[in-house]
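The values are calculated or read from the model by the stated rules, or taken from the named source; none is laboratory data. Keep in mind that this is a model prediction, so the values were computed, not measured. With ideal geometry, Cβ positions are generated from the backbone for all residues, glycine too; neighbour counts draw on all protein chains shown.
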């Protein structure tokens with residue numbers, strides 16, 4: 001929700017979170033190219 005609020009704040013002075021903002025935040029979280037997603041999923045880490 002915090003990231004969605006940030007996306008909403010970037011568009012307007014009045015913060016009104018919409019489905020579009022939630023979709024953007026969710027996409028950023030699950031996008032496999034993102035650093036956070038890679039760290040959460042262990043992408044690029046070798047298992048010994």
**Fill in**
If we keep only residues of region 17-36 that are touching a helix residue (DSSP H, G or I) at 6+ places or on another chain (Cβ under 9 Å) and more than 17 Å from residue 1 (Cα to Cα), then the residue modelled with the highest pLDDT is 34
**Message:** Of everything in region 6-33, what is more than 27 Å from residue 43 (Cβ to Cβ) and surrounded by 14 or more Cβ atoms within 10 Å (Cβ to Cβ)? Give them in sequence order.
**Reply:** 8, 9, 15, 17
